[in-house]
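Worksheet for the structure shown next.
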């Protein structure tokens, strides 16, 4: 079953100029590094258009892997480490990273 790595980015401090700088560096620097991660099947980046509750998230990136083993291998790769170093530079304290891999059964909420 496919597994998704979801990256949620909060609005950077510093206003519109800081946001535009982040978006440019994310597209030009970070995404090419992510594209090199072994096992990555697809990447989809979307800008958040409406916030209803919670943190001020501005960008969501969905990275899809074939299965948990592919995700684990990708996360441990040199390519992901390089992408992580880049992200710490261009998006300090902006990232929440989660893996999604299955449906939650109703009984889990009982």
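Considering Cα pairs under 8 angstrom that are at least six residues apart, work out the relative contact order of the chain and quote it in whole percent. Present the calculation step by step, with values, prior to reporting the outcome.
Numbers: 156 pairs, mean separation 49.7, N = 110.
Computed value for the chain: 45 percent relative contact order.
Cut-off 17 Å, label point 7 angstrom out along Cα-to-Cβ of residue 24: give me the residues of region 78-92 whose amide nitrogen falls inside. Those under the cut-off are 90-91. At an R0 of 25 angstrom, the distance between the Cβ atoms of residue 43 and residue 16 translates into a FRET efficiency of 0.50.
Classify region 1-56 as rounded, prolate or oblate from the Cα gyration tensor: take a ≥ b ≥ c as the square roots of its eigenvalues, call it rounded if a/c is under 1.5, otherwise prolate when a/b beats b/c and oblate if not. Intermediate values should be presented prior to the final figure.
Values: a/c = 3.03, a/b = 1.41, b/c = 2.16.
Oblate shape, in that a/c is at least 1.5 and b/c is the bigger or equal ratio.
Work out how much length residue 2 to residue 55 would gain on full extension: take 0.36 nm times their residue separation and subtract the Cα-Cα distance, in nm to one decimal.
Details: separation 53, 0.36 × 53 = 19.08 nm, distance 2.72 nm.
Between residue 2 and residue 55, full extension yields an extra 16.4 nm.
By the gyration tensor of its Cα atoms, with a ≥ b ≥ c the square roots of the eigenvalues, what is the shape of the chain: rounded for a/c under 1.5, prolate for a/b over b/c, or oblate? In terms of gyration-tensor shape, oblate. The alpha carbon gyration tensor of region 44-86 gives principal lengths a ≥ b ≥ c with a/c of 1.5 or higher and a/b greater than b/c, which makes the shape prolate.
Rule-based calculations on the coordinates, nothing more; no lab input. Predicted model, so just to flag it, every value in this text is computed and none were measured. Note that each Cβ is placed from the backbone with ideal geometry, even for glycine, and that neighbours are counted across all protein chains shown.
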